[in-house]
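Only one structure is covered here, and it is reproduced in the block below.
The values are calculated or read from the model by the stated rules, or taken from the named source; none is laboratory data. Keep in mind that what you see is a predicted model, and the values were worked out from it rather than measured. Note that we place each Cβ from the backbone using ideal geometry, even for glycine, and neighbour counts take in every protein chain shown.
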Amino acid sequence: MTKNELENPQNNFQRNTSNKQLIFQQNNLEDLFQQFIIFIDATPNTVRTYRGSLKQWFLYLRQNQIGHPDSETVRQYRQKLQNSGKKPTTVKNYIIAVKRFFEWTEEAGFYPNIAKYIKSGHLSKNFKKDYLTGSQARQILDKIDRSTIKGKRDYAMLVTMLTMGLRTIEVSRADIDDIRTKGNMTVLYVQGKGHEEKDDLIRMPQHVESAIRDYLSVRKANDLSKPLFVSTSNHNANGRMTTRSIRRIVKTAFISAGYDSPRLTAHSTRHTAATLSLLNGATLQQTQELLRHRNIGTTEIYAHNIDAATNPAANDVEEAIFGKDI
């Protein structure tokens, strides 16, 4: 883009002179998107998410030859997404991207915010992944062969995720020197989702610390700036592990212990940490701090699910119908 185009972006777009609305043309979309990205000032991961979501929106406009979308266009697009069998979370994210985009077009003076009053969709308040009981988690950990450096790494990584509730991206980002002392406690500093630096800390249980130090001693890790967990694969030996490889290792450990379910994934370790925390006496605030939830309402979902699962009301009704001798 030229300097003039940057200073006067509206010159990039053909306008309908009768209603002064922006006509969305395929050869202008990249310019639109780049200016939108500057507006939202997002992380690279968020930029990729918005790019993928908005690509679907503009594809819909092109396929239906729509140059002047309105609110009804967005509703029809949402309905198409829902009818296509996409997951509710996917539909919600796609519509959120459209809403954010038109928030920008209105502020920039390009196009009215046609998505302002469009709902992004309803999501169930129940989590899509299951958690493990304490005994199930122990079975999975005990099944890992710790006689090899890979086994020691997998055990240390999995026990960290199960007890400290780390996301896969947080595990991937962790370095050895993120393990520090705070008071008389060992803690791990983490770079959470959406954070630019490692500004959160989690108390590290003794069992986790012992497993990690056992792994590091066998690995002979002397450079503290190196990743906490490293790859053992031929093409990335001693390199930082990817979130994909972490998810695969966790899933393999589950299956090896006999827990093969699509509802049990690497994210189930985080659900496990939250649920076992609450079941064993932690307060909502303590569990929120463990998982670093911005909104305590997210933590409350775990408490709600526990209450629902342990609610004796159905048994009371059964007794009222059939009596005690059942």
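Against the list (1) out of contact with any Ser or Thr (no Cβ under 9 Å at 6 or more places or on another chain); (2) modelled with pLDDT under 95, the condition G194 fails is (1). Within the range 157-179, being within 22 Å of the chain's Cα centre (by Cα), among the aliphatic types (A, V, I, L, M) and part of a helix (DSSP H, G or I) holds for M157, L158, V159, M161, L162, M164, I169, V171.
Taking the conditions (1) out of contact with any Phe, Trp or Tyr (no Cβ under 8 Å at 6 or more places or on another chain); (2) not in a helix (DSSP H, G or I); (3) not aliphatic (A, V, I, L, M) in turn, H207 satisfies each one other than (2). Within the set A137, A115, A108, A97, the sole residue that is touching a Leu at 6+ places or on another chain (Cβ under 7 Å), more than 30 Å from I306 (Cβ to Cβ) and aliphatic (A, V, I, L, M) turns out to be A97.
Residue under question is A221, and the condition is that it be in the same structural domain as L141 (by TED's automatic domain parsing), on the phi < 0 side of the Ramachandran plot, assigned to a helix (DSSP H, G or I) and not acidic (D, E); does it hold? Spelling it out, it is not the case that A221 is in the same structural domain as L141 (by TED's automatic domain parsing), on the phi < 0 side of the Ramachandran plot, assigned to a helix (DSSP H, G or I) and not acidic (D, E).
Within the range 106-117, does at least one residue satisfy the condition of being assigned to a helix (DSSP H, G or I) and either at pLDDT 85 or above or among the β-branched types (V, I, T) (or both)?
Looking only at the range 106-117, we keep the residues that are assigned to a helix (DSSP H, G or I), and these are 106-107.
Of the ones still in play, those that are also either at pLDDT 85 or above or among the β-branched types (V, I, T) (or both) are 106-107.
Yes, because at least one residue in the range 106-117 is assigned to a helix (DSSP H, G or I) and either at pLDDT 85 or above or among the β-branched types (V, I, T) (or both).
Starting from residues that are among the aliphatic types (A, V, I, L, M) and either surrounded by 22 or more Cβ atoms within 10 Å (Cβ to Cβ) or part of a loop (DSSP other than H, G, I, E, B) (or both), keep the ones in the range 250-272 and report whichever is farthest from the chain's Cα centre (by Cα). If we take residues in the range 250-272 being among the aliphatic types (A, V, I, L, M) and either surrounded by 22 or more Cβ atoms within 10 Å (Cβ to Cβ) or part of a loop (DSSP other than H, G, I, E, B) (or both), then A257 is farthest from the chain's Cα centre (by Cα). Residues of the range 78-105 that are modelled with pLDDT under 90, exposed (fewer than 15 other Cβ atoms within 10 Å of the Cβ) and not in a helix (DSSP H, G or I): G85, K87.
Within the range 56-72, the set of residues being among the hydroxyl-bearing types (S, T, Y) and under 29 Å from the mean Cα position of the chain (by Cα) comprises just one member, Y60. Looking only at the range 180-204, residues that are assigned to a loop (DSSP other than H, G, I, E, B) and closer than 20 Å to R247 by Cβ come to 4 in all.
If you check I169, I212, I176, which single one turns out to be among the β-branched types (V, I, T), surrounded by fewer than 19 Cβ atoms within 10 Å (Cβ to Cβ), in contact (Cβ under 8 Å) with a residue 24 or more places away in the chain and farther than 20 Å from H267 by Cα?
Working: I169 fails: farther than 20 Å from H267 by Cα; I212 fails: surrounded by fewer than 19 Cβ atoms within 10 Å (Cβ to Cβ).
When all the criteria are applied, what remains is I176.
Yes/no per residue for (1) in contact with a helix residue (DSSP H, G or I) (Cβ under 9 Å, 6 or more places away or on another chain); (2) exposed (fewer than 15 other Cβ atoms within 10 Å of the Cβ); (3) at pLDDT below 75:
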position: Q10; (1), (2), (3): no, yes, yes
position: Q26; (1), (2), (3): yes, yes, yes
position: T49; (1), (2), (3): yes, no, no
position: R62; (1), (2), (3): yes, yes, no
position: T73; (1), (2), (3): yes, no, no
